[in-house]
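The values are calculated or read from the model by the stated rules, or taken from the named source; none is laboratory data. As the structure is a prediction and not an experimental result, all values here were calculated from the model. For neighbour counting, all protein chains shown are included, and Cβ atoms are generated from backbone atoms with ideal geometry for every residue, glycine included. Quick note on the areas: whole protein, heavy atoms, side chains included, nothing else; ligands and nucleic acids left out. Shrake-Rupley method; radii C 1.70, N 1.55, O 1.52, S 1.80 Å.
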Amino acid sequence: QLQLVESGGGLVQPGGSLRLSCAASGFTLDYYAIGWFRQAPQKEREGILCISRTGGSTNYADSVKGRFAISRDNAKNTVYLQMNRLKPEDTAMYYCAAVLGACSRYSYDYWGQGTQVTVSS
């Protein structure tokens, strides 16, 4: 069973930080590009960042530039999303996805179930 499991979400105050994790089971992430996405209620899913199998990153959301960063640890079969200086508008369900190929906005083979991030005073 090929699975991606997100973790690390929760409630945080504006200006705070969270680190989300995306762990794979049933397959190795070494040969996959991994993307992070988010979806707020009544809004479309939005691509945030993607990391290639060689470690290069692609940003899809201007609103997170300078605040969010993506990284991967192949030894742990895990990809991370570091989120700093969080804002209320960052509140959303956050998803990770894997594709055996290049980074893209939405063309992925496997998706996680998501982890909720709520930014509120």
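If you take the residues of the stretch 1-46 that are among the aromatic types (Phe, Trp, Tyr) and over 15 Å from the mean Cα position of the chain (by Cα), which of them is farthest from Arg67 (Cα to Cα)?
Phe27
Just need a number here: residues in the stretch 99-114 that are outside any loop (DSSP other than H, G, I, E, B) and more than 14 Å from the chain's Cα centre (by Cα).
Here the count works out to 0.
Quick check on my filter: what residues within the stretch 69-92 are hydroxyl-bearing (Ser, Thr, Tyr) and in contact (Cβ under 8 Å) with a residue 40 or more places away in the chain?
Of everything in the stretch 69-92, those that are hydroxyl-bearing (Ser, Thr, Tyr) and in contact (Cβ under 8 Å) with a residue 40 or more places away in the chain turn out to be Thr78, Tyr80, Thr91.
At least 1 residues that are open to solvent by less than 60 Å² (accessible area, probe 1.4 Å) and in contact with a Lys or Arg (Cβ under 8 Å, 6 or more places away or on another chain) in each: list the strands (runs of 3 or more DSSP E) lying fully within the stretch 7-98 that qualify.
The qualifying strands (runs of 3 or more DSSP E) are 18-25, 33-39, 46-51, 57-59, 78-83.
Got a sec? Which of Arg38, Arg67, Arg53, Arg19 is at pLDDT below 95 and at negative phi?
Every option except Arg53 fails the conditions.
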